[in-house]
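Heads up, the thing below is written out as C-alpha cells.
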Amino acid sequence: MKIISAPDYQSMSRKAANIISAQVILFPDSVLGLATGSTPLGVYQQLIDWYKKGDLDFSKVRSVNLDEYCGLAGDHEQSYRYYMNTNFFKHINISMENTYVPNGMAQDVDAECRRYDKIINDLGGIDLQLLGIGHTGHIGFNEPDEDFDKMTHCVKLKQKTIDANSRFFERVDQVPKYAITMGIKAIMQAKKLLLVANGENKADILCRSLFGPVTPKVPASILQLHNDLTVVADEAALSLIRSKYPEAIG
Ligand code: PGA
C-alpha cells in the first residue's frame with residue numbers, strides 16, 4: 001500500500017488524475033473502474049482539462065462504474081449514470097457504448113447483477129479501479145455486513161449513507177433505499193486500486209480501513225489485502241493516520 005498525501009483537495013485531485021492519466025497513456029484501451037460521489041469530482045475535472053489540452057485520448061477506453069441507485073433512471077439528475085455523463089463522459093471522447101453503469105430500473109435486479117458481472121468478465125476485468133470511501137467504510141455501495149459480498153448485488157443502504165447522500169436530494173425520504181453495487185471480488189481483482197479521500201470527516205474511517213482489522217464490518221479494510229493499492233488523500237483525511245502511523249505516509 002502506498003499512501004500519498006496532498007495539502008488540499010485540488011492537489012489530491014491532481015495527483016489522482018495523474019495516476020489515471022498515466023494508465024490511459026500507457027494503455028489506451030484500459031478498463032477503468034469509475035466512482036461517483038463528491039470526492040472524485042476534482043479528478044474528473046482535471047482529466048477533462050488535460051483532455052481538452054490534447055494530452056489524453058479516451059477513444060479506446062472502456063469504463064465500468066461501481067454502483068447505481070435502484071429506482072432511478074439514467075436521466076434522473078441524482079442517478080450515477082447522469083452523474084458520469086454530465087461530470088465526465090460528455091466532456092471527453094470516450095464512446096458512450098463503452099461506458100457501463102448498472103441499470104437502476106431493471107425489473108429483474110438479480111438478472112441485472114449477473115449481467116453486470118458478465119460485462120466486467122467479458123471486458124477481462126478492471127485495469128484501474130478508482131474508489132471513494134463512505135463514512136460507513138463502504139466501497140462502491142458494499143456496506144458493513146457479516147460477510148463480504150463477492151458478486152454484483154442489490155444492497156440496502158445504511159441510514160448513515162442515506163443521510164450523507166441526502167445533501168443531493170431535496171428531502172431525505174427521496175434518497176433511494178437500495179442500490180446495485182459491484183461486489184468485492186471484481187474490485188479486489190482490479191489490477192490497480194486508487195482510493196481518494198478528503199476532509200476531516202473521513203479521517204477516522206480511513207485510519208480504521210487501512211490499519212484496523214480486515215473485516216466485512218469495515219468493507220474498505222479488505223483493500224489492505226490488495227497488492228497494488230494507492231491512496232491519495234488530503235492532510236485532513238490523513239490526520240489520524242499521520243498521528244498514529246506517520247511512517248506509513250510516503
Ligand atoms: P463522497 O462519497 O465522495 O461523496 O464522500 C464517497 C462514497 O460514498 O464512496
* Structure fact -> Magnitude of the Cβ-charge dipole (Lys and Arg +1, Asp and Glu -1) of the chain about the Cα centre, nearest 20 debye, reported as 360
* Asked: What whole-number value in cubic angstrom gives the convex hull volume per residue for the C-alpha atoms of region 167-207?
  -> 131
* Structure fact -> Going from the fewest other Cβ atoms within 10 Å to the most, one would list L193, L131 as L193, L131
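Given the peptides 155-163, 43-51, arrange them by the average over their residues of other C-beta atoms within 10 Å, most packed first.
So the order, starting with the most tightly packed, is 43-51, 155-163.
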* To do: For D75 and E146, calculate 0.36 nm times their separation in residues minus their Cα-Cα distance, and state this gained length in nm to one decimal.
  => 22.1 nm
* Members of K53/K202; K177/K244; K2/K185; K118/K156; K60/K192; K53/K90 lying beyond 26 Å, as alpha-carbon distances in this model show -> K53/K202; K177/K244
* Given springs between every Cα pair under 10 Å in a Gaussian network model of the chain, which of D67, D204, D234 has the largest fluctuation? -> D204
* Rounded Å value of the spacing that divides the Cα centres of region 114-131 and region 71-110 -> 15
* **Surface/4 estimate of mean projected area, convex hull on alpha-carbon atoms of the chain, nm²** => 12.3
* Asked: Taking other Cβ within 10 Å of each residue's Cβ, how do M84, M105 sort, fewest first?
  -> M105, M84
* Structure fact -> Computed, not fitted: 222 nm per-residue ellipticity of the chain from DSSP H runs ≥ 4 (each -39500 (n - 2.57)), nearest 500, equal to -9000 deg cm²/dmol
* Structure fact -> Across 5 Å bins beginning at 0, the whole-percent shares of Cα-Cα pair distances in region 98-210 come to 2, 10, 19, 22, 21, 15, 7, 2, 0
* Within 10 Å of each residue's Cβ, count the other Cβ atoms and sort E112, E68 from fewest upward. => E112, E68
* Given H placed on each backbone N at 1.01 Å, which residues far from I3 in sequence or on other chains put an amide H within less than 5 Å of it? -> V231, G250
* Asked: Given springs between every Cα pair under 10 Å in a Gaussian network model of the chain, which of P213, P176, P102 has the largest fluctuation?
  -> P213
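Readers should treat all values here as calculations from the given coordinates under stated rules, not as data from a laboratory. Given the structure is predicted, the values throughout are model-derived calculations rather than measurements. A quick note on method: Cβ atoms are made from the backbone with ideal geometry, for glycine too, and the neighbour counts reach across all protein chains shown.
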